[in-house]
1. Test of understanding: in a Gaussian network model of the chain with alpha carbons linked when under 10 Å, which of Gln13, Gln44, Gln81 would top the mean-square fluctuation ranking?
2. Could you give the spread of the C-alpha atoms of the chain along their three principal axes, from largest to smallest, in whole angstroms?
3. Given R₀ = 22 Å, FRET efficiency for Glu46-Gln107 by Cβ-Cβ distance, to 0.05?
4. Please report the net charge: other residues with Cβ closer than 12 Å to the Cβ of Val111, K and R +1, D and E -1.
5. By the scheme Lys and Arg +1, Asp and Glu -1, what is the net charge of all other residues having a beta-carbon under 13 Å from that of Gly9?
6. How much length would be gained if the chain were fully extended between Thr68 and Lys86, taking 0.36 nm per residue of separation minus their Cα-Cα distance, in nm to one decimal?
7. So, in nm, how far is label Asn58 from label Leu11 when the simple model puts each one 7 Å beyond its Cα toward the Cβ?
8. Enumerate the amide H contacts of Val48 below 5 Å, restricted to partners 5 or more residues apart or on another chain; note that Pro and chain-start residues carry no placed amide H.
Amino acid sequence: QVQVVESGGGLVQPGGSLTLSCAFSNIRFSFYTLGWYRQVPGNQRELVAQITPGSSTNYADSVNGRFTITRDNTKNTVYLQMNNLKPEDTALYSCNAVWVTNKYWGQGIQVTVSS
């Protein structure tokens, strides 16, 4: 059975930093494209950052230069380092793993940026 465990969210002041982690178990992790998404109530879920099995990355324009996605295939974990956070980054963040027809999601973790 696949398990997905997210951690690292919380409340941070504008300009601060947070690192989200998402650990997968019981999947062939290195084969998967990994992503972080976020959603604000009333809005569609948006892709924040993505990393391929070869570690190529892409970012939403709104976070490019502030967020960094990385993966550790030895720990089956994907990370999202978020710097210079803004109030508009407040959202429910979810991790995602995709390989062919296999797709898994984390449960979601809240990030709130507020003074």
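1. Gln44
2. 41, 25, 24
3. Details: r = 18 Å, r/R0 = 0.82.
Here the calculated transfer efficiency is 0.75.
4. Details: positive: Arg38, Lys86; negative: Glu6, Glu88, Asp89.
Net charge in that neighbourhood comes out at -1.
5. Details: positive: Arg38; negative: Glu6, Asp89.
Local net charge: -1.
6. On the way: separation 18, 0.36 × 18 = 6.48 nm, distance 1.52 nm.
Here the segment from Thr68 to Lys86 would lengthen by 5.0 nm.
7. A separation of 3.7 nm, rounded to one decimal place.
8. Residues meeting the amide H criterion: Trp36, Tyr37, Arg38.
Throughout, read-outs are computed from the coordinates displayed, never taken from laboratory work. Just so we're clear, the structure is a prediction, and the values are computed from it rather than from any experiment. So basically every Cβ, Gly included, is an ideal-geometry build from the backbone, and we count neighbours across all protein chains shown.
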